[in-house]
Amino acid sequence: MVKKRCQIHHRFIHILSFLGVKKSAVTSVLSKRWEFIWTELPRLEFYEGSKERDKISKFVAMVNRTLLIRSGAHLEKFYVNFRYDESFVSDVDSCLDFVLKTEPKEVCLHLRFVSEEEHYGLPERMYSNSSLIRFSVQGCILDTLTKIEWRCLTRLEIKESRLPQHVIENILSGCPVLHVLSLEECQGFNCLNIKSQNLYELRVYYRENGPLLEISAPYVHILDISFNPEMVKLVLKNIKYLVTAEINFPDYWRTSFTDLVESTTVELFEILKDVKELKLGGHYFKVLSEFVVHGWQLPVSRRKCLTIDTFYENKNNISGLFALLRFSPYLERLAIGGFETYARPRDEAATDDLDCDLLHLKTVKITEFGDPPSGGEPMLTVVRTLLKRATALEEMTIRLIDRGWLNHHIKISERLLSYPRSSEKAVIRLC
């Protein structure tokens, strides 16, 4: 009987864990027996999106009260996200004191800050933890001279934080089983020398900390990087095991075509030309398309998968796309995305067709690439050409922009389905 009650108890806690803290606490009024069960939740997640001081103060007080009455032994996950300033430093300290005693597997400390002067200094006790498997921080200062020991950590995400060079080196040596590392808009470092064979995925959205960013990652398989080409020279080396690469320039960057931007764009593309799967962000693709129109010949690549995020102000979208296809003779999968208000490229001859067949292209996915009121261009030109040139095509999936343009969608769909196909296996799916 006791065993059965324990099983029911654990099942109820498991069900409550899907409701969240606030909704779970409400169940305390249902029965005396259930009054404090919610305090044993294995996952504590707190979020406050308001910028109002009173609401934030009440939120912080609620978090503190919840932690005081919690009775469970161990935490699987602790997540807190709110607008932080220095007046809450003791509250965050208390939260971490409590959380670290519960040997959590995952900690997410997201402190949205008003100014960079109000970053939260991560306490020394946080740098040594044998239970952490995932750790995510935002708006913090990570600065310690002690040895970092996160022996079980497999995923580390640091965002909008201060991260000096000696700390990043300490992290890389103190996380022997780290699998995924994400550094987004962090200050203080300019070199990543990754020697671990376990680090599989690296994501770097680089803030300008200096004129040079060096990355050596011989065992990384997935690389996602964004940086300002006018301010930073990126040096990639020892990437022999790289399988997937995603490149972009930041959203806040206003496109300009200086010599430095050109050399950076070209050199990076050359380095990554034979990566199996290449993903190009909208700003990077816009610059690449501009150089193609002005005579730069892309290198022949062995890539098999290509994903392109188009840019709505890029009048050279088709020229850039067709150039990429022309020099990707082994391409098997193609994905194109991004809303486009159609503008005809200057070089019309270069956009009307390809001068080669795509012998290995089997699947194509096109998402919201075309303006229905403008007749569905430039998407229709791309689809017509691909159906003509992709002799082994098996499936093309097209999702039109959903903005209530039913009449335009019907006309566009009729045109799409009327185009001749060089592959007898080709199936078009509209969604």
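The values are calculated or read from the model by the stated rules, or taken from the named source; none is laboratory data. Just so you know, these numbers come straight off a predicted model, no measurement behind them. Backbone-built Cβ (ideal geometry, glycine too); neighbour counts: all protein chains shown. Surface accessibility is based on the protein's heavy atoms, side chains included, excluding ligands, DNA and RNA. Shrake-Rupley method; radii C 1.70, N 1.55, O 1.52, S 1.80 Å.
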request  = Could you state how much accessible area VAL167 has, in square angstrom rounded to the nearest 10, with a 1.4 Å probe and all protein chains kept in place?
outcome  = 0 Å²
request  = Report the label-to-label distance for ARG333 and ASP85 in nanometres (one decimal), using points 7 Å from each Cα along the Cα→Cβ vector.
outcome  = 4.8 nm
inquiry  = Let's test the formula: R0 of 25 Å, r as the Cβ-Cβ distance of GLU124 and GLU214. What FRET efficiency results, to the nearest 0.05?
reply    = 0.30
remark   = Taking R0 as 41 Å and r as the Cβ-Cβ distance between GLU414 and GLU270, the FRET efficiency 1/(1 + (r/R0)^6), rounded to the nearest 0.05, comes to 0.45
key: Gain upon complete extension [ASP259, GLU185; 0.36 nm per residue less C-alpha separation]   = 24.1 nm
Taking the C-alpha atoms of the stretch 212-317, convex hull volume expressed per residue in Å³ = 94 Å³
Table column - 3J(HN,Hα) (Hz), the stretch 417-431, Karplus curve with 6.51, -1.76, 1.60, x for Gly and Pro = 6, 8, 6, x, 10, 7, 9, 5, 8, 5, 10, 9, 10, 9, 9
query = How would you classify the stretch 136-248 from its alpha-carbon gyration tensor, with a ≥ b ≥ c the square roots of the eigenvalues: rounded for a/c under 1.5, else prolate if a/b is greater than b/c, otherwise oblate?
reply = oblate
ask   = Whose amide H sits under 5 Å from the amide H of ILE336, counting only residues 5 or more places off or on another chain, with H placed in the peptide plane?
value = ILE308, LYS365, ILE366, THR367
query = With a sphere of radius 11 Å drawn around the Cβ of LEU361, what net charge do the other residues whose Cβ falls strictly inside it have (Lys, Arg +1; Asp, Glu -1)?
reply = 0
ask   = Could you give me the ³J(HN,Hα) list for the stretch 201-208, computed from phi with Karplus coefficients 6.51, -1.76, 1.60 and θ = phi - 60°, whole Hz, x at Gly and Pro?
value = 10, 10, 10, 10, 9, 8, 8, 5
query = PRE reach from LYS237 (point 7 Å along Cα→Cβ): which of the stretch 190-216 fall under 18 Å by backbone N?
reply = 190-196, 211-216
request  = Would you kindly state how much longer the chain becomes between VAL177 and HIS74 on full extension, computed as 0.36 nm times their sequence separation minus their alpha carbon distance, in nm to one decimal?
outcome  = 34.9 nm
query = SER128's amide H: which non-local residues (gap 5+, or another chain) put their own amide H closer than 5 Å, with H modeled 1.01 Å from N in plane and none for Pro or chain starts?
reply = GLU149
remark   = The ³J(HN,Hα) series, computed from each phi in the stretch 292-297 with the Karplus coefficients 6.51, -1.76 and 1.60 at θ = phi - 60°, rounded to the nearest Hz and given as x for glycine or proline, is 4, 4, 8, x, 6, 8
query = Using modelled backbone amide H atoms (1.01 Å from N, in-plane), which distant-in-sequence or interchain residues come within less than 5 Å of GLU184's amide H?
reply = ILE158, LYS159, GLU160, TYR205
